[in-house]
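Nothing in this text is a laboratory measurement; each read-out follows from the coordinates by a stated rule. Predicted model only: the values in this text are computed from it and were never measured. Counting neighbours? That spans all protein chains shown, and the Cβs are built from the backbone with ideal geometry, glycine included.
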Amino acid sequence: MTAFAALGGALRQLAEAISPLTETEFAARAFFSSGSIGAHVRHCLDHAWALERGIAIGEICYDHRERNTVVERDPVLAVSRLRRATVRLGGMGDYLLDRPLTLIAQLDEEGRAVRVGTTVGRELAFVVSHTVHHGALVAVLLEHAHHAAPRRFGLAATTPLHATCAR
């Protein structure tokens, strides 16, 4: 099993969590400060795609994302895209982990950005953690919509199961 399997697992769990949702539940904004489940899923997909593109071209930027896309409103399409990303990422090997990348990150609203050196492994670790974090937000939104989250969904791999409540 490769390190990329961890991201595939997080994306697979996300697909499992959203598969029973209706379009209305998927696109609903439950709280003022949080996006819809669909927006969180699109955000996770954006980061996975940014990682894939970064590996291909040698630089990665998580800041350029489209918002209000059809994938935020259509859970069937979202599940399909999550599954395809899982397959593509599953085909990547650990030999890529030490490959250097340049990370471009916008620092403020004026557009100031930095370019810093990083590696595929470091960015993979970030995208896994980021996906799990958004899974935790999705789990709250699922509960609000009266749906159960999969076991350990939204929990870091290092979180002991006994330290959790319902999941």
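Taking θ as phi - 60° and the Karplus parameters 6.51, -1.76 and 1.60, the scalar couplings of the stretch 59-74 work out to 9, 10, 9, 8, 7, 8, 9, 8, 10, 6, 8, 4, 5, 6, 10, 10 Hz in sequence order, x denoting glycine and proline.
Just to be sure I understand: of the beta bridges DSSP finds with both ends in the chain, what percent are antiparallel, rounded to 5?
Numbers: 7 of 9 bridges.
Among the beta bridges of the chain, antiparallel pairing accounts for roughly 80 percent.
In loop segments of the stretch 1-91 as defined by DSSP, the chymotrypsin sites (Phe, Trp or Tyr not before Pro) with at most 11 further C-beta atoms inside 10 Å of their C-beta are 31, 32. Here the Gaussian network model covers the chain, with springs between Cα atoms less than 10 Å apart; of 108, 63, 74, 108 fluctuates the most.
State whether the stretch 1-76 is rounded, prolate or oblate according to the following rule on the C-alpha gyration tensor (a ≥ b ≥ c being the square roots of its eigenvalues): a/c under 1.5 gives rounded; otherwise a/b larger than b/c gives prolate, and the remaining case gives oblate.
Values: a/c = 2.53, a/b = 1.48, b/c = 1.71.
Note, shape of the stretch 1-76 comes out oblate.
Among 157, 139, 39, the residue with the largest mean-square fluctuation in a Gaussian network model of the chain, with springs joining Cα atoms closer than 10 Å, is 157. For the stretch 75-140, a/c is not less than 1.5, where a ≥ b ≥ c are the root eigenvalues of the C-alpha gyration tensor, and a/b does not top b/c. That puts it in the oblate class.
In whole percent, what relative contact order does the chain give with Cα contacts below 8 Å and a gap of six or more residues?
It comes to 28 percent, rounded to a whole number.
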